[in-house]
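Report on the following structure.
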Amino acid sequence: MSLLEVQNLRVTFDTETGPVQAVRGVSFSLGRERLGIVGESGSGKTMTGRSVLRLIRPPGRIEADRMVFDGQDLMAASERDMRALRGKRIGMVMQDPKYSLNPVMNVGEQLTEGLRRRDRIGGAEARAKAIAALEAVQIRDPERVMAAYPHELSGGMGQRVMIAMMLIPEPDLLIADEPTSALDVTVQAEVLSILDALVRDRGMGLIFISHDLRLVGRFCDRVLVMYKGRVVEELEAKHLTEAQHPYTRGLLNCLPRIGGPRGPLPGLDRSGDWAQEGVA
Amino acid sequence: MSLIEIDDLSVTFNAKGREVRAVEGVSLSVAARESYGLVGESGSGKSTILRALCGLAPVTGGSIRIGGEVLRMPRGPGFSRRVQMVFQDPYASLHPRHTIDRTLSEPLAIHGIGGSDAKVVKALTDVGLPTSFRFRYPHQLSGGQRQRVAIARALMLEPEILLLDEPTSALDASVQAEVLNLLDRLRAERGLTFLMVSHDLAVIDHMCDRVLVMQHGRAVEELARDDLAAARMTTAYARSLFEASADRMLDPAKAPA
């Protein structure tokens, strides 16, 4: 059975100049696997991820024919039900640790806050769990990191702290929105292998949102390619190089390659029918 | 003779009484019309070298020469006419309350160069922007369009040398391709010399003839383009950067089973 099922998801923002559709009818289902969502800025990939947690503020509206997580209808769930799901069963890792961690709380307090408030666990036990979580994301000196404030951590460390925080409640589904975009390539590889191990060992489902097609192709099982709020192509990651859709092909071709030809890089041709507004 | 000669450059900052050695003993030389790349992870000191060149970071050891002359502090107007810089974040490097017209004509006004009207129009056309953008503000432009404005601004004084600090890392892949193509074309047309910083080895490889790999403020290894493509690096660090580079990932031979 699939863990998450989304049918005809639409996100609309009512603006002064009329409604703007950020997501226009996205459908997918997810098992205990790694699903990548790729697209350029404005393609609606982040909005799709946030919709699953119903984290879209007015004037934004979420509509869907069906959005079911593990048998529970997310569209009909009350705000109280959603709060019970968020974090505990569905976790989300945001893009930038600089803005997503509380700057005036040390890491230890942030990691144990949820355990103490939500799970009513005592201080010493919560601390032990937090340290174990930091060790799980391969932080070598968890005691020091527990006492540190976010500004004292490097980008890679901050990102790992966020992943650790999301993993403490052992969610069934993790939504990672550009979790490695702010990181250096070698650190990026480490964070990805941590996520990979967690999916394998805990049987977690993962939605991996990224603008980097090659990264997603390497890391995920299945890839959704989004453009202007629609899924233009869905394919197995290992067949990414055989993608048919002109947008996917364009995205792949416009990247420079080491030892590649020196001439101008092919641009993305947006003149095709697929690129026009209002095409179903 | 090389156009840019950096000899044993050190940059040390004093932060809260603690010495931070951002760059330690780096030497490099760039010939006229060459395109030279600096690659490394955050904190490797690659951007600091560009900033030291411009006088934005203190040179605490070694020397920087351009066209054989040692650079003086302050840099002076002659320097701005020879060397210009394009910054990483097009959202932060353009004045939000100045129109594109004002942004582009300001360097001309400072240097007392006339005919700014025609020059602004030509600059916009050269970087592939419609002239109707002239009286817009930065917030009315996309990231790629803003970076084109930043490039146009850097070219207003017709410099010989362009310092590029991660010029495309804030842009989408397809926009990155357009901006890289634009930079390549401008370099060919105007005979510019590039000193370019990036964390993306594939971008550096596409744009540069030679590349210096940096780590912790030190030069690790200098590679010619052919050696990089053929993976003929001699240091472990340069190899690890090469292996982790995103474009290796779709290589069928390298894909994980």
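The values are calculated or read from the model by the stated rules, or taken from the named source; none is laboratory data. Note that the structure is a prediction, hence the values are computed from the model and not measured. Counting neighbours? That spans all protein chains shown, and the Cβs are built from the backbone with ideal geometry, glycine included. The protein model used for the area step is the full one, side chains on, heavy atoms only, and it has no ligands, DNA or RNA in it. Shrake-Rupley method; radii C 1.70, N 1.55, O 1.52, S 1.80 Å.
With +1 on each Lys and Arg Cβ and -1 on each Asp and Glu Cβ, and nothing else charged, work out how big the dipole of the range B:1-146 is about its Cα centre, in Debye to the nearest 20.
So the magnitude is around 460 debye.
The largest accessible area among A:Ser154, B:Ser10, B:Ser44 belongs to the first residue in A:Ser154, B:Ser10, B:Ser44, and the rest follow in falling order (1.4 Å probe, all chains). Entry comment: accessible area of the range A:115-246 is 42 Å² per residue, from protein heavy atoms only and a probe of 1.4 Å. Taking both sides together, the accessible area buried where B meets A is about 2800 Å² for a 1.4 Å probe. Relative to the longest principal axis of the Cα atoms of chain B, the long axis of helix B:116-126 lies at roughly 40 degrees.
Among the residues of A:248-257, the average count of other protein chain beta-carbon atoms within 10 Å of the residue beta-carbon is 6. Under 5 Å from the amide H of A:Ile175 lie the amide H atoms of A:Gly91, A:Met92, A:Val93, A:Ile207, each residue being 5 or more positions distant or on a separate chain, with H modelled from the backbone and absent for Pro and chain starts.
Take every Cα pair under 8 Å whose residues are at least 6 apart in sequence, average their separation, divide by the length of the range B:2-246, and the relative contact order is 27 percent. With the simple spin-label model, which puts each label point 7 Å out from Cα in the Cβ direction, the B:Glu69 to B:Thr99 separation comes to 3.6 nm. For the range A:176-219, the Kirkwood estimate of the hydrodynamic radius, built from every pair of different alpha carbons, is 10.8 Å.
If I take R0 = 25 Å and measure r between the Cβ atoms of A:Ile121 and A:Asp73 in this structure, what FRET efficiency does the formula 1/(1 + (r/R0)^6) give, to the nearest 0.05?
0.25
Gain on full extension, evaluated as 0.36 nm per residue between A:Asp65 and A:Glu16 minus their Cα-Cα distance, stands at 15.0 nm.
Is the C-alpha gyration tensor of chain B telling us rounded, prolate or oblate? Criteria: a/c under 1.5 is rounded; beyond that, a/b larger than b/c is prolate, otherwise oblate.
Numbers: a/c = 1.80, a/b = 1.27, b/c = 1.42.
Cα axes put chain B in the oblate bin.
Classify the protein assembly as shown: rounded, prolate or oblate, from the alpha-carbon gyration tensor (a ≥ b ≥ c, eigenvalue square roots; a/c under 1.5 rounded; otherwise prolate if a/b is larger than b/c)?
Note, shape of the protein assembly as shown comes out prolate.
Considering only DSSP states other than H, G, I, E and B, which GluC sites (Glu not before Pro) in the range A:1-94 qualify as loop sites with at most 12 other Cβ atoms within 10 Å? Sites meeting the loop and neighbour criteria: A:Glu16. Sorted largest first by accessible area at a 1.4 angstrom probe radius, with every protein chain in place, the residues B:Met196, A:Met165 fall in the order A:Met165, B:Met196. The label point for B:His216 and the one for A:Asn106, both projected 7 Å from the Cα toward the Cβ, are 2.7 nm apart. In this structure the amide hydrogen of A:Met226, modeled in the peptide plane, comes within under 5 Å of the amide hydrogens of A:Val38, A:Gly39, A:Val232, none closer than 5 places in sequence on its chain.
Here the Karplus relation 6.51 cos²θ - 1.76 cosθ + 1.60, evaluated at θ = phi - 60°, turns the backbone of the range A:206-212 into coupling constants of 9, 9, 10, 9, 7, 8, 9 Hz, with x for every Gly and Pro. Where in the range B:1-38 is the amide nitrogen less than 20 Å from a point lying 7 Å along the Cα-to-Cβ axis of A:Asp141? Of the residues in the range B:1-38, B:15-22 have backbone N under 20 Å from the label point off A:Asp141. Residues of the range B:20-45 that bury at least 40 Å² of accessible area when the other protein chains are present, relative to the chain alone (probe 1.4 Å, heavy atoms, ligands and nucleic acids excluded): B:Glu41.
Carbon-plus-sulfur accessible fraction, the protein assembly as shown (probe radius 1.4 Å, protein heavy atoms only): 49%.
For B:Tyr91 and B:Phe135, a Förster radius of 30 Å and the Cβ-Cβ distance give a FRET efficiency of 0.90, rounded to the nearest 0.05. Measuring r between the beta carbons of A:Asp273 and A:Thr241 and using R0 = 30 Å, the FRET efficiency lands at 0.80.
Charging the Cβ of each Asp and Glu at -1 and of each Lys and Arg at +1, and nothing else, the dipole of the range B:70-181 about its Cα centre rounds to 400 debye.
Assigning unit charges at the beta carbon (Lys, Arg +1; Asp, Glu -1) and nothing else, what dipole magnitude in debye, to the nearest 20, does the protein assembly as shown show about its Cα centre?
Here the size comes out at about 940 debye.
Remark: the Cα gyration tensor places the range B:1-96 in the rounded category, a/c being less than 1.5. Relative to the longest principal axis of the Cα atoms of chain B, the long axis of helix B:100-110 makes an angle of roughly 90 degrees. Accessible surface for B:Leu124 stands near 0 Å², nearest 10, in the context of the full protein assembly shown (1.4 Å probe).
Taking a threshold of 25 Å on the Cα-Cα distance, which of the pairs A:Lys88/A:Lys129; A:Lys45/A:Lys88; A:Lys98/A:Lys238; A:Lys98/B:Lys46 fall above it?
A:Lys98/A:Lys238
Counting only heavy atoms of the protein chains and using a 1.4 Å probe, B:Ser132 has close to 80 Å² of accessible surface.
Summarising the label geometry, the points placed 7 Å from Cα in the beta-carbon direction at A:Glu152 and A:Leu55 lie 2.7 nm from one another.
Once backbone amide H atoms are built at 1.01 Å from N, B:Val11 has B:Ala22, B:Val23, B:Glu24, B:Gly25, B:Thr60 as its partners under 5 Å, excluding neighbours fewer than 5 places away on the same chain.
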